[in-house]
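A.B. asks: Once you've had a glance at the structure underneath, I'll fire off some questions.
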Amino acid sequence: MTTGTKTTVELTRFKVPADQADELLQARPAMLADFRADREGFLDAQLIRVDDETWLDVVWWRSSEDFAASREKGANLPGIKAFFAPITELISAEEGSTGDFRA
């Protein structure tokens, strides 16, 4: 059974040198504030540390269109730019959708 409520999920895996992890984490609140102020359809985000240098950012969007519009803007605000600065490698970027897929 599925429900009618779906959201788009952005899954971005990237690398940050271990000695720059604090810089990434300190920039996170400003990045989220910029997203809330500037990105239509932004719902929430969770940052996961996979290992010393690998991170997974899980971001929920109201729709695929909202996510696409956000990607078009890129690092257009200082908080977003500061968060992206220590990232040295984009490993993967995927888009999916949520829903209640239980039988």
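The values are calculated or read from the model by the stated rules, or taken from the named source; none is laboratory data. This structure is a prediction, so every number in the text was calculated from the model and none was measured. Cβ coordinates were reconstructed from backbone atoms using ideal geometry, including for glycine residues, and neighbour counts include every protein chain displayed. Accessible surface is based on the protein model in full, side chains and every heavy atom, while ligands, DNA and RNA are left aside. Shrake-Rupley method; radii C 1.70, N 1.55, O 1.52, S 1.80 Å.
A.B. asks: Given a Förster radius of 41 Å and the C-beta distance between residue 64 and residue 19 as r, what FRET efficiency does 1/(1 + (r/R0)^6) yield to the nearest 0.05?
C.D. replies: On the way: r = 36 Å, r/R0 = 0.88.
The computed FRET efficiency comes out at 0.70.
A.B. asks: Turning to a different aspect of this structure: Diagonalise the Cα gyration tensor of segment 19-97 and give the resulting equivalent ellipsoid semi-axes, square root of 5 times each eigenvalue, largest first, whole Å. Before the final figure, lay out the partial values.
C.D. replies: On the way: eigenvalues 84, 45, 24 Å².
Those come to 20, 15, 11 Å.
A.B. asks: Of the candidates 59, 50, 16, which one comes out as most mobile in a Gaussian network treatment of the chain with C-alpha springs shorter than 10 Å?
C.D. replies: Its mean-square fluctuation being the largest, the pick is 50.
A.B. asks: For Cα pairs less than 8 Å apart in space and 6+ apart in sequence, what is the mean separation divided by the residue count of the chain, i.e. the relative contact order in percent? Please list the in-between numbers first.
C.D. replies: Numbers: 189 pairs, mean separation 52.3, N = 103.
51 percent.
A.B. asks: Express the carbon and sulfur contribution to the solvent-accessible surface of the chain as a percent, rounded to the nearest whole number, probe 1.4 angstrom.
C.D. replies: Numbers: 3210 of 6260 Å².
Answer for the chain is 51 percent, counting heavy atoms of protein chains only.
A.B. asks: For the chain, modelled as a Gaussian network with Cα springs under 10 Å, which listed residue fluctuates most, 88, 12, 54?
C.D. replies: 88
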